[in-house]
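First the structure, in the form of structure tokens, and then the observations on it.
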Amino acid sequence: MKVNTRVRAAGLTAALVGGLVGGLVPAAPARAQTAAKPAAPAAGGRTLTINGGKGGGPLLTREELRACFAKEASIQTQLDTQEAQRTALSKEKDAITAERESLRTERAPIDALHLKVADLNARMKAYGDKVQSWNQRVADFNASPPRGDKAEQARAALDKEREDLQAERKVLEADKAQLSADSQGTIAAFNAKAAALDAKVADWNQRNNTLNESAKSLETERTAWVTSCGDRRYRENDEIAIKKGQ
């Protein structure tokens, strides 16, 4: 009699490393469909092996065979569950990657704001240099004022420059207020999306790591089953009886 649906090795899913810089999720190994092959006849009827091997070790008792079949079914169920989880994680990883790429395109306004901030800082520094120069010239004028018409001309020039500086200061303050308002809204929205994406990546990695650890543990369990059950002889009559519920 053929014994199909042998348990297969579990695969591992690649992690999202360093902000989604991970490999593709490897496909799960194909399910083996190895039919049992007859082993050497023994007393009590024909004997088989679950994996079609040579059948080393003592002949399995009916209860041992029952336990082997139950363990095989349990391992296969767990493998199927892990494969479904791996497929879901792979789809989720694709969605996270797409979201990350979309967020990158939203950095353009942020970069534009950075340029505006740099320009405003340069203008404010230049304004500060002008004010410092004006203050020094006012101090020099007060310490040693010129006489006659030159005094009035110098005073008028300083007054005119003061008015220009005051006007420039108002423009700078207005630009600074507008840039601050634009930055708060744009940067806050971007940071909120980035934080949400980081949380998704962290959660995905945690679940992926858990699945990988589970896969390793199940592979150890599967290997032990192959050793204790997969290549052991059993009586065909015992298998028939087990399937009848005996």
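The values are calculated or read from the model by the stated rules, or taken from the named source; none is laboratory data. What you are looking at is a predicted structure, and each value in this text was computed from that prediction instead of being measured. So basically every Cβ, Gly included, is an ideal-geometry build from the backbone, and we count neighbours across all protein chains shown. Calculation scope for accessible area: heavy atoms of the full protein, side chains included, ligands and nucleic acids excluded. Shrake-Rupley method; radii C 1.70, N 1.55, O 1.52, S 1.80 Å.
Ranked by solvent-accessible area (1.4 Å probe, protein heavy atoms only, all chains present), the residues Arg100, Arg147, Arg86 order from largest to smallest as Arg147, Arg100, Arg86. Across all Cα pairs in the stretch 171-246, the calculated P(r) in 5 Å bins from zero up to the longest distance comes to 3, 11, 8, 8, 8, 7, 7, 6, 6, 5, 5, 5, 4, 4, 3, 3, 2, 2, 1, 0 percent per bin.
Find how many whole Å separate the alpha carbon centroid of the stretch 87-156 from the alpha carbon centroid of the stretch 170-230. The distance from the Cα centre of the stretch 170-230 to that of the stretch 87-156 comes to 34 Å. Measuring only protein heavy atoms, the 1.4 Å probe finds Glu221 accessible over about 50 Å². Ligands, DNA and RNA aside, Lys91 has an accessible area near 140 Å² when probed at 1.4 Å. Taking the stretch 151-194 and a reference point 7 angstrom along Cα→Cβ of Glu92, the backbone N atoms nearer than 19 Å belong to 194. Given +1 at the Cβ of Lys and Arg, -1 at the Cβ of Asp and Glu and no other charges, the dipole of the stretch 60-216 around its Cα centre is 240 debye to the nearest 20.
Ordering of 231-243, 155-167 by packing is 231-243, 155-167, highest average first (other Cβ atoms within 10 Å, averaged per residue).
With a 1.4 Å probe and all protein chains kept in place, how do Asp175, Asp94 rank by accessible area, largest first?
Asp94, Asp175
Computed with every protein chain present, the accessible area of Thr220 is close to 100 Å² [probe 1.4 Å]. So what is the relative contact order for the stretch 63-220, in percent, with contacts set as C-alpha pairs under 8 Å and at least six apart? Dividing the mean separation by the residue count of the stretch 63-220 yields 48 percent. Dipole magnitude for the stretch 79-161: about 500 debye, using +1 per Lys or Arg Cβ and -1 per Asp or Glu Cβ, origin at the Cα centre.
The distance between label points at Val171 and Leu115 comes to 2.0 nm (points 7 Å beyond Cα on the Cα→Cβ vector).
Length available on full extension from Asp140 to Lys216: 0.36 nm per residue minus the Cα-Cα distance, which gives 19.1 nm.
Within the same chain, lysines fewer than 8 places from Lys243 are excluded, and of the rest, those with a Cα less than 27 Å from its Cα are Lys2, Lys37, Lys54, Lys71.
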